Amino acid sequence: MSYIEQQADPRNPHGLGDPNDTKLRKVEVEVLIPKIMRDRAKAELCTKEVKDFEECCKTSSIFMVATCRKENSALRDCLTLWYQNDAFKEECRKIYLQERSDYRSTGIPKKHRLEKL
């Protein structure tokens with residue numbers, strides 16, 4: 001398929017792939033989706049543990065490795081709980097696929113779409 005034919009393909013409007021494709025590459029499964037999971041877990045689900053760990057680190061300065069073990073362990077346990085939750089994984093997978101579909105449909109990366117709002 002030539003470049004001109006690719007541009008005319010309605011399933012691939014910007015030459016970035018089919019927006020409706022739900023197949024995932026290895027890097028998406030092993031890196032990109034876990035990044036969404038980690039970011040969401042820290043920002044939405046383990047906020048108390050993140051806050052406690054950050055406060056401990058601020059007050060302990062260079063001794064944080066020794067003094068913040070309890071807070072670090074609590075944060076790690078909370079994050080691990082969510083990483084192993086299949087419903088949460090599926091939710092993050094759907095978020096990723098929607099973001100990828102939006103990018104493939106518009107040709108505009110997420111950060112640039114958000115800046116315009």
Could you tell me how many of the residues in segment 36-52 are out of contact with any helix residue (DSSP H, G or I) (no Cβ under 9 Å at 6 or more places or on another chain), within 30 Å of Ser101 (Cβ to Cβ) and surrounded by 12 or more Cβ atoms within 10 Å (Cβ to Cβ)?
1
All but one of (1) over 18 Å from Asp21 (Cβ atoms); (2) among the aliphatic types (A, V, I, L, M); (3) at pLDDT 85 or above hold for Leu117; state the number of the condition that does not hold.
(3)
Mind checking whether some residue in segment 75-86 is open to solvent by 90 Å² or more (accessible area, probe 1.4 Å) and more than 21 Å from the chain's Cα centre (by Cα)?
no
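Yes or no, residue by residue, for (1) touching a residue at least 12 places away in the same chain (Cβ under 8 Å); (2) not aliphatic (A, V, I, L, M):
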site	(1), (2)
Ala41	yes, no
Thr47	no, yes
Ile62	no, no
Glu71	yes, yes
Leu81	no, no
Gln98	no, yes
Arg104	yes, yes
Against the definition (modelled with pLDDT of 95 or more and either of a type in the set (Phe, Trp, Tyr) or open to solvent by less than 50 Å² (accessible area, probe 1.4 Å) (or both)), how does Val31 come out, yes or no?
no
Before we move on, is Lys89 in contact (Cβ under 8 Å) with a residue 12 or more places away in the chain and within 15 Å of Val29 (Cα to Cα)?
yes
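Which residues, counting only those in segment 53-71, are in contact with a helix residue (DSSP H, G or I) (Cβ under 7 Å, 6 or more places away or on another chain) and open to solvent by 60 Å² or more (accessible area, probe 1.4 Å)? So that I can check it myself, show each step before the final result.
The initial filter retains those residues of segment 53-71 that are in contact with a helix residue (DSSP H, G or I) (Cβ under 7 Å, 6 or more places away or on another chain), namely 53, 56-57, 60, 64, 67-68, 71.
The answer is Met64, Thr67.
Quick test for you: out of Lys94, Lys70, pick the one residue that is among the basic types (Lys, Arg) and within 17 Å of Leu24 (Cα to Cα).
Working: Lys70 fails: within 17 Å of Leu24 (Cα to Cα).
Result: Lys94 is the single residue among Lys94, Lys70 that is among the basic types (Lys, Arg) and within 17 Å of Leu24 (Cα to Cα).
The values are calculated or read from the model by the stated rules, or taken from the named source; none is laboratory data. What you are looking at is a predicted structure, and each value in this text was computed from that prediction instead of being measured. Here the Cβ is made from the backbone with ideal geometry for all residues, glycine too, and neighbour counts use every protein chain on show. Side chains are part of the model used for accessible areas, which takes the heavy atoms of the whole protein and leaves out ligands, DNA and RNA. Shrake-Rupley method; radii C 1.70, N 1.55, O 1.52, S 1.80 Å.
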